[in-house]
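K.L.:
Below is a structure I'd like to ask you about.
Derivation of every value follows stated rules applied to the coordinates shown; laboratory data play no part. In this text, all values refer to a predicted model and were calculated from it rather than measured experimentally.
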Amino acid sequence: RMLASDDLTVTGDVGHLGRALANVLDNAIKYSFRTSRTSEQRFITVVCRRHSTDGAVLIEFQSYGIGVLPDEVTAVFEFGARGLLARQTDRRGSGIGLAEAKRILQAHGGRIAINSIQAPGGVYVTTVSIVIPAAGSRSIA
């Protein structure tokens, strides 16, 4: 499910920004649970809206599944790093996607952060928030 509001325009290298967003979406898909045993659908929501404090564009990827431990939310943005819960699964990864996304977003004056909370039953609600300056504005990082 994807929700968007307003005219949300950013300026930047479309290839690089596209790769950053694709990396984050790929992780949301990879580490989310299926809606049922027979379905390929995943529990993922993407919301695009104006950031409330600085008018930048906020993109939030929320997934339900394998999360990130609180003491790892910074480390998973380092090249080659994967969280403990991700390493304990059969899901493959190189630890490069989030690091590359962070580098690209920072080069565009933006930022990225993760919030992962364990819900009842052991499932994690993980939100990756990306903030990118709106077209015509300066860096917000």
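K.L.:
Please compute one quarter of the surface area of the Cα convex hull for the chain and express it in square nanometres. Could the numbers behind the result be given before it?
P.N.:
Values: hull surface 35.5 nm².
Spelled out: convex hull of the Cα atoms, projected over all directions, averaged, 8.9 nm².
K.L.:
Kindly write out, for region 21-30 in residue order, the coupling ³J(HN,Hα) from the Karplus curve 6.51 cos²θ - 1.76 cosθ + 1.60 (θ = phi - 60°), rounded to whole Hz, with x marking Gly and Pro.
P.N.:
5, 5, 4, 5, 5, 4, 5, 4, 5, 4
K.L.:
Where does helix 97-107 land angle-wise versus the long Cα axis of the chain, in degrees 0 to 90, nearest 10?
P.N.:
10 degrees
K.L.:
Take the eigenvalues of the Cα gyration tensor for region 10-87, scale each by 5, and report the square roots as semi-axes in whole Å, largest first. Provide the component values of the computation, followed by the final result.
P.N.:
Working: eigenvalues 111, 64, 37 Å².
Rounded to whole Å, the semi-axes are 24, 18, 14.
K.L.:
Can you give the calculated 222 nm mean residue ellipticity of the chain, where each DSSP H run of n ≥ 4 adds -39,500 (n - 2.57) and the sum is split over every residue, rounded to the nearest 500 deg cm²/dmol?
P.N.:
Values: 3 runs with 32 residues, N = 141.
Computed mean residue ellipticity for the chain: -7000 deg cm²/dmol.
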